[in-house]
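Below is one structure, written out as structure tokens; the observations come after it.
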Amino acid sequence: MDETPRRRLGRTGLTPSPIGFGAFKIGRNEGIKYERGYALPDEEACGRLLNEVLDLGIDLVDTAPAYGSSESRIGRHLSSRRDEFILSTKVGETFEDGRGRFDFSAEAVRSSVARSLDRLATDRLDLVFVHSDGNDLRVIEETDVLDALVDLKERGDLRFIGFSGKTVDGHLRAIETGVVDCLMVEYHPLDERQAPVIEAATAGDLGIVVKKGLGSGRIPPATAIPRCLDRHGVATMVVGSLDATHLGQNLGIARAALATG
């Protein structure tokens, strides 16, 4: 029996494990922001890792079209276990020929969601985040991305809409739209600028997912994880790793932090 303490992801009602799996490293190793490079796992190792993630009790899997072959690999190895985890992907960015490209038009959003459903071998996406290029206010106010996601939500292709931006103003504006259910924010002991966003989202019953909570590998998990989860509005932290043992250790730290927090 899983005894992991859990927090509700805002009004979504979802209760993910406090550590989620960030699936960037299983699909892409170009144009990375990590301090050290890495080789992509082969297909057998990838399948083993993904299944170990679920076996550990980590039940949020976060990917994106910009993560190279990540979506397709998740679809191949986890489609038979689809009901065991919360599936999160994104729209707005693709990565091809060594560079990222952004398109927030309604047509691009619809095409992106259709491709993700196919690659992930599923009939529904639990969370779809807008993968902002950093111009958060422009993306929200001058593109059709949120309207397109609302239409796809009503059609049943996705359950909840998220926004993964880079600015405090952008995240606060996303909250104001009334259509965003969840935010993904960078937050860790070296950068706590998003603290007002977490407070505002919590007051509005929006879910909070922390990204880069370990500072892209610069902060020890024993320091970073309790600090991130000290914010009661934070439901989960997405951690990217190719080592199931490390993920299990991170989950243990998170369990202890929530049990005493």
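The values are calculated or read from the model by the stated rules, or taken from the named source; none is laboratory data. Keep in mind that what you see is a predicted model, and the values were worked out from it rather than measured. Cβ: placed from backbone, ideal geometry, glycine included. Neighbour counts: every protein chain shown. Areas reflect the complete protein model, heavy atoms only, side chains present, ligands, DNA and RNA absent. Shrake-Rupley method; radii C 1.70, N 1.55, O 1.52, S 1.80 Å.
Per residue, how large is the accessible surface of the range 144-261? Use a 1.4 angstrom probe and give square angstrom.
42
Taken about its Cα centre, the chain carries a charge dipole of about 500 debye when Lys and Arg each add +1 at the Cβ and Asp and Glu each add -1 at the Cβ.
As a calculated quantity, the FRET efficiency between Asp103 and Ala259 at R0 = 35 Å, using C-beta atoms, amounts to about 0.20. Springs between Cα atoms under 10 Å define the GNM used for the chain, and in it the highest mean-square fluctuation of Ala45, Ala200, Ala108 occurs at Ala45. Taking a ≥ b ≥ c as the square roots of the eigenvalues of the alpha carbon gyration tensor, the range 21-153 is oblate, as a/c is not under 1.5 and a/b does not beat b/c. When only Cα pairs below 8 angstrom with a gap of at least 6 residues are kept, the chain shows a relative contact order of 22 percent. Compute the label zone of Tyr38 within the range 246-261: residues whose backbone N is under 14 Å from the point 7 Å along Cα-to-Cβ. Residues 246-250 fall inside that zone. Using a Gaussian network model of the chain in which every pair of alpha carbons under 10 angstrom is joined by a spring, one finds that among Pro220, Pro16, Pro196 the greatest mean-square fluctuation is at Pro220.
Each residue of the range 227-237 is assigned a 3J(HN,Hα), and the resulting list reads 5, 5, 6, 5, 7, 5, x, 7, 8, 7, 10 Hz, derived from the Karplus form 6.51 cos²θ - 1.76 cosθ + 1.60 (θ = phi - 60°), x at Gly and Pro. In this structure, the amide hydrogen of Tyr67, modeled 1.01 Å from its nitrogen in the peptide plane, lies closer than 5 angstrom to no residue at least 5 positions away or on a different chain.
Rounded to the nearest whole Hz, the Karplus-based 3J(HN,Hα) values (6.51 cos²θ - 1.76 cosθ + 1.60, θ = phi - 60°) of the range 157-168 follow the sequence 6, 9, 9, 9, 9, x, 9, 10, x, 10, 10, 5, with x at glycine and proline.
For the range 201-261 versus the range 94-160, the spacing of their alpha-carbon centroids is 25 Å. Given R0 = 22 Å, the distance between the Cβ atoms of Asp144 and Asp123 translates into a calculated FRET efficiency of 0.35.
Of the residues Leu60, Gly13, Gly37, the one whose Cα sits farthest towards the positive end of the charge dipole of the range 1-74 is Gly13 (charges of +1 on Lys and Arg Cβ, -1 on Asp and Glu Cβ, taken about the Cα centre).
When only Cα pairs below 8 angstrom with a gap of at least 6 residues are kept, the range 141-188 shows a relative contact order of 35 percent. Tally Lys/Arg at +1 and Asp/Glu at -1 over every other residue whose Cβ is under 13 Å from the Cβ of Ser132; what's the total? In short, -3. Put simply, the amide H of Leu125, placed in the peptide plane, has neighbours under 5 Å in Leu158, Arg159, leaving out anything fewer than 5 places away on its chain.
Just want to confirm a number: the relative contact order over the range 107-261, from Cα pairs under 8 angstrom separated by 6+ residues, in percent.
16
Checking every one of the trypsin sites (Lys or Arg not before Pro) in the range 1-43 against DSSP loop status and a limit of 14 other Cβ atoms within 10 Å picks out Arg8, Lys33, Arg36. With the helix formula -39500 (n - 2.57) applied to DSSP H stretches of n ≥ 4, the chain reaches a computed 222 nm mean residue ellipticity of -11500 deg cm²/dmol. Seen from Arg11, the other residues with C-beta closer than 11 Å to its C-beta sum to a net charge of -1, counting Lys and Arg as +1 and Asp and Glu as -1. Close amide H partners of Ser17, meaning residues 5 or more places away or on another chain with modelled amide H under 5 Å apart, are Asp59, Leu60.
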